[in-house]
Amino acid sequence: SQHAEKHGFQTEVKQLLHLMIHSLYSNKEIFLRELISNASDAADKLRFKALQDNALFEGDGDLRVQLSVDGDAKTLTIADNGIGMTRDEVMSNLGTIAKSGTKEFFSQLSGDQAKDSQLIGQFGVGFYSAFIVADKVVVRTRAAGVPADQGVQWESAGDGEFTLTPIEKADRGTEITLFLRDDAEEFADAWRLRSIVKTYSDHLSIPVQMWKDEEAERDGPDGEKIPAKPAHWETVNAGKALWLRDKSDISDDEYKEFYKSVAHDFDEPLLWSHNKVEGKHEYTSLLFIPKRAPWDLWNRENQKGIKLYVQRVFIMDDAEQFMPTYLRFVRGLVDSNDLPLNVSREILQDNKVTRAMRSASTKKVLQALSRLAQDDAEKYHTFWDNFGNVLKEGPAEDQANIEKICELLRFASTHDDKAEQRVSLDDYLARMKEGQETIYYIVADSHDAAKNNPALEVFRKKGVEVLLLSDRIDEWFMSHIEDYKEKKFQSVTRGDLDLGKLDDEADKEAQEKLEKDFQSTCERFSKVLGDKVKKVRVTHRLTDSPACIVTDDHDMSTQMAKLMEAAGQ
Ligand code: ADP
Ligand code: MG
């Protein structure tokens with residue numbers, strides 16, 4: 001047509017397309033999940049916008065997605081009557097703006113196809129996954145509330161360009177036609193499509209429909225007559241939001257598929273917690289913990305994960321008010337009956353209902369984790385290795401749950417000297433020596449540095465276990481926990497270490513004698529070192545090494561000093 005305009009894809013979109021086409025061939029069918037989930041999002045967005053302006057429904061409030069195939073042309077069309085897109089939206093959503101994080105994503109690619117396609121999974125594939133199965137994609141769309149002649153057609157072969165053409169489109173919404181590749185013709189088969197929809201989209205609240213041909217009158221199994229039926233759109237999925245169903249009616253597989261679609265993850269979740277709460281506040285929450293850390297886990301600003309629904313209407317993504325920052329890896333949703341439909345982020349910010357839901361959801365997640373730690377240590381270790389360092393932000397953020405968080409911590413320790421963090425504080429308490437009143441730990445730059453620190457010698461000699469900490473966050477983290485089950489934490493590199501009842505009388509006498517004998521040596525050291533040191537004294541911590549450096553009780557630890565220096569302070 002005459003107004004067709006050519007545009008180039010943004011560089012990163014081009015790379016993404018290339019990767020998609022060449023790395024995802026083993027899991028082709030996910031394109032359908034992505035396109036149906038976009039249609040479902042478009043329905044959610046329309047419903048939400050129509051809360052303010054009911055006219056946007058244009059007299060058609062039955063939102064649905066329809067799939068149709070043309071076996072001869074080898075095409076598959078996915079049509080929705082959701083919110084649609086304006087020309088500007090098409091431009092930015094389907095071509096010129098890469099999703100946030102696309103850059104980071106590319107920077108993490110290894111070139112190993114198997115690993116990289118896992119990354120794509122974590123990243124969320126979205127609209128461009130259409131090109132896994134299609135060598136040409138045509139999108140026809142018209143935004144809700146604008147005249148029929150303001151439709152737009154987007155067309156691309158997934159190479160480097162797309163074309164935009166103004167069109168007339170009577171019905172609101174988006175229609176996507178895929179011209180299937182030769183090796184993807186199976187997706188023009190109605191049976192195949194049905195089974196994919198059942199697998200991936202059963203839990204969506206939007207009906208997914210397929211055309212059913214006219215049926216003649218026929219005999220039923222007991223000789224009764226089954227009446228003729230004209231051709232009609234038949235709903236293929238269950239069409240009820242998963243979280244509203246009874247827990248006992250939902251299979252593990254259904255939970256897993258639901259997770260994959262909300263979290264855009266190829267992998268199954270590690271665990272989930274589904275709660276219907278009644279009483280003072282009424283809401284449902286469905287919370288998942290992923291197996292692996294998402295690429296942007298370390299970005300504390302980028303707190304994604306919890307979707308907010310109010311009375312089953314989708315309100316917003318990334319409702320960060322429902323989870324504390326140290327549980328930002330949790331994915332899922334909350335559906336509240338108490339919040340107003342016109343709730344905004346500002347209202348959520350300081351709201352009784354939000355606070356109550358957040359505190360209850362936090363407890364649910366901590367509980368689910370502690371159950372996992374008890375029931376399946378191996379799975380729990382997977383969790384810990386991926387998310388332990390985020391959980392360590394907990395004590396600083398959430399004093400109220402500090403005991404529960406501490407139960408979940410895992411450490412390396414002198415018990416086995418291994419680098420894997422597998423020792424819980426309860427393990428430690430159970431192994432404490434008679435007369436031991438303190439939980440001893442050391443923080444260093446690396447596991448080896450911690451393990452080989454001379455300050456540990458006396459502990460090894462006495463058979464007292466010391467926790468070996470070497471994660472970047474550890475110094476800061478330890479400054480936020482004082483005790484666990486009434487036992488104080490004590491760094492072995494701090495101050496004049498008092499081993500309390502662990503030292504017996506004979507030890508004490510020997511120590512006093514040593515101190516006297518070496519008094520003049522200490523004075524000479526002190527003179528030579530000048531103001532490089534605060535004090536030189538005889539230590540009883542060492543058994544093999546001649547000397548070590550320690551910090552005063554109230555001074556910054558050497559580890560912290562190094563961190564500050566690195567930060568330019
Ligand atoms: P995501 O869904 O994660 O945002 P996608 O690549 O799947 O990413 O889609 C990109 C954007 O294109 C969507 O955010 C949405 O704005 C728009 N879009 C895609 N499909 C539709 C649709 N069927 N109706 C309306 N907008 C759509
Ligand atoms: Mg999408």
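Between amide H atoms placed 1.01 Å from N, distances below 5 Å from K418 occur with S413, all of them 5 or more places distant or on a separate chain.
Pull up the DSSP beta bridges for the chain and report the antiparallel fraction as a percent, rounded to 5. About 80 percent, rounded to the nearest 5.
Eigenvalues of the alpha-carbon gyration tensor of the range 373-497, scaled by 5 and square-rooted, set the equivalent ellipsoid semi-axes at 21, 16, 15 angstrom, largest first. In whole percent, what relative contact order does the chain give with Cα contacts below 8 Å and a gap of six or more residues? Averaging sequence separation for qualifying contacts and normalising by length gives 10 percent for the chain. How much net charge surrounds V138 when only other residues with a Cβ under 13 Å from its Cβ are counted (Lys, Arg +1; Asp, Glu -1)? My count for the surroundings of V138 gives -1. Derived scalar couplings between HN and Hα for the range 308-314 equal 9, 10, 10, 6, 6, 8, 5 Hz in order, rounded to whole Hz, by the Karplus curve 6.51 cos²θ - 1.76 cosθ + 1.60 (θ = phi - 60°), x for Gly and Pro.
Evaluating 6.51 cos²θ - 1.76 cosθ + 1.60 at θ = phi - 60° for every residue in the range 425-436, the Karplus couplings come out as 5, 5, 4, 4, 4, 5, 9, 4, 6, 4, x, 7 Hz, glycine and proline recorded as x. Determine the shape class of the range 124-249: with a ≥ b ≥ c the square roots of the Cα gyration tensor eigenvalues, call it rounded for a/c under 1.5, and otherwise prolate if a/b is greater than b/c, oblate otherwise. Verdict is prolate for the range 124-249.
Per-residue ellipticity at 222 nm, computed for the chain from helices alone with -39500 (n - 2.57) per DSSP H run of at least four residues, works out to -10000 deg cm²/dmol. Taking the fewest neighbouring Cβ atoms within 10 Å as the starting point, the ordered list for L408, L514 is L514, L408. Remark: the E523-D267 segment gains 85.8 nm on full extension, using 0.36 nm per residue and subtracting the alpha carbon distance. With the simple model of a label 7 Å out from the Cα in the direction of the Cβ, T96 to K276 spans 4.8 nm. Label separation (S545 vs S26): 4.8 nm, computed from points 7 Å beyond Cα along the C-beta direction.
With bins 10 Å wide beginning at 0, the percent of Cα pairs of the chain falling in each bin runs 3, 14, 21, 20, 15, 11, 8, 5, 3, 1, 0, 0. In this rough spin-label picture, where each label sits 7 Å from Cα along the Cβ direction, the K508-K6 distance is 9.1 nm.
Summing Lys and Arg as +1 and Asp and Glu as -1 over all other residues whose Cβ lies under 12 Å from the Cβ of D427 gives a net charge of -1. Peptides 257-267, 375-385 ranked from most to least packed, by the mean per-residue count of other Cβ atoms within 10 Å: 257-267, 375-385. Charge dipole of the chain (Cα centre as origin; +1 on each Lys and Arg Cβ, -1 on each Asp and Glu Cβ, all else neutral): 1000 debye, rounded to the nearest 20. The protection proxy used here, the mean number of other Cβ atoms lying within 10 Å of each residue, ranks peptides 175-181, 543-549, 51-57 as follows, highest first: 175-181, 51-57, 543-549.
Residues within the reach of a label modelled at D112 (point 7 angstrom out along Cα to beta-carbon, backbone nitrogen below 19 Å), restricted to the range 364-384, are 382. Cut-off 20 Å, label point 7 angstrom out along Cα-to-Cβ of D375: give me the residues of the range 216-245 whose amide nitrogen falls inside. Answer for the range 216-245: 243, 245.
Under 5 Å from the amide H of V310 lie the amide H atoms of I315, S336, each residue being 5 or more positions distant or on a separate chain, with H modelled from the backbone and absent for Pro and chain starts.
Each reported figure results from applying straightforward, stated rules to the coordinates on display, with no laboratory input. Worth saying up front: this structure is predicted, and the values here are computed from it rather than measured. Heads up, the Cβs are rebuilt from the backbone with ideal geometry, glycines too, and the neighbour counts pull from every protein chain shown.
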